[in-house]
């Protein structure tokens, strides 16, 4: 006997009546609703009101939303430079009340013998001006300040006084301390007789409160979330919110991305702030691009590639749109290995200056009992488990939307099937533990075919489904999977005969 949703069981009038509905028993992977979210810092000229969520397709849209020269506009541009297709929502926070803007200086000394083009990198963007042979240091300082201010997309402004150019972040907060200032000597050195002394950006204080933005999206689904504030308070709030989202009763899985500019020691201290399986911290020493560009590019890259295959590592993928550190500032292999142990993702740098992912990890380092643990080390683990959890939950809701639950031996149940057999799905009006186990087995084999998991047969046998002794309407399960590994290290002994 079959159960129908639309046809009455006791209809007497002659006729042929056919329900049309999908059968999901052998459906492939269900679409994953990817939606990235950037929380950016806005200027007063930005039109995006606090608490307002807006989808951004083209990076130019962010200029109006966050203001030209804003951190938020740079974040969106960086994300879209590497990921043009994933849905992206944004919201904005203004500078905190009383925030202090970071400043740095460039001081000229000496003179140029002949007219020369002087090249700089300010906040990750090239700035040039021509120093004439008769220019005094004050003239050169004035020209540099004018060139900086002419580039209105920069996150800084400049002012000249005598031989000194003072660069000031447009935004208040510690975030401005991560802005890079440098003379660009890549193509040519400074002319003989001229020196330029740089004091790095510093003394910014008072980042916005991330909690204000997290409260707005408390019940919204996002798969990736990024923001520019790497101070301890905001990092702790972010890690706590990501953990809440991943809980079984929340089902709002999201992975977080934050970047930081710092020395090996500073980044190690920063990585120790959190112990989150759902947060990726990205750090480099003296990169030319700002830290929020680093995190936005990494987030855009991860969003695209982990959607295509959540179990595949991101190693060797180029960080398009991000300008990394010079060779002298790059970490050694030993430093990178130690940073990974501290929860900081690492990068390699090619001879042409391209920065590529070495290993993208989470900040998870130990269990809640303080025992060293690498279960959640790589970003692919939470990504894969999120995809499996979402797919399985969606599949069950589609396949058994109104199913009755009975014991396996019940005569009213569907025809018995072995726990490892495929589920034909002839009738989804009744489910038993054995039938649900068969459905789980079929999904596991699909996940194994996609190489998200491995050793499927063993994990299927270890999985269990039982009806609760206290609630006849509750089916309880323990479902095992073994996430697919990745070739991270090849260790061998190359021996020669003597």
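The values are calculated or read from the model by the stated rules, or taken from the named source; none is laboratory data. Please read these numbers as outputs of a predicted model, since none were measured by experiment. Neighbour counts are summed over all protein chains in view; Cβ atoms, including those assigned to glycine, are modelled from backbone coordinates with ideal geometry.
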- Message: Taking the criterion of being more than 18 Å from residue 263 (Cα to Cα) and surrounded by 16 or more Cβ atoms within 10 Å (Cβ to Cβ), would at least one residue in the range 341-353 satisfy it?
- Response: no
- Query: Among 62, 96, which is the only one that is more than 16 Å from the chain's Cα centre (by Cα), buried (at least 17 other Cβ atoms within 10 Å of the Cβ) and assigned to a loop (DSSP other than H, G, I, E, B)?
  - Reply: 96
- (1) outside the structural domain of residue 346 (by TED's automatic domain parsing); (2) within 28 Å of residue 300 (Cα to Cα): which one isn't true of residue 408, the others all being true? (2)
- Task: Considering only the range 112-134, state which residues are buried (at least 16 other Cβ atoms within 10 Å of the Cβ), touching a residue at least 60 places away in the same chain (Cβ under 8 Å) and closer than 16 Å to residue 190 by Cα.
- Result: 112, 116, 118, 119, 120, 121, 131
- Determine, yes or no, whether residue 120 is in a helix (DSSP H, G or I) and modelled with pLDDT of 95 or more. no
- Message: For the range 65-81, which positions are part of a loop (DSSP other than H, G, I, E, B) and either under 18 Å from residue 289 (Cα atoms) or modelled with pLDDT under 95 (or both)?
- Response: 68, 69, 70
- Tell me, which strands (runs of 3 or more DSSP E) lie completely within the range 135-237 with 2 or more residues that are surrounded by 20 or more Cβ atoms within 10 Å (Cβ to Cβ)? 156-161, 164-172, 194-202, 224-226
- Query: Which condition breaks for residue 481 when tested against (1) assigned to a helix (DSSP H, G or I); (2) under 30 Å from residue 22 (Cβ atoms)?
  - Reply: (1)
- Only one of 293, 328, 297 that is under 22 Å from residue 123 (Cβ atoms) and free of Cβ contacts under 8 Å to residues at least 24 places away in the same chain: 328
- Tally of residues being farther than 30 Å from residue 440 by Cβ and assigned to a loop (DSSP other than H, G, I, E, B) across the range 1-40: 12
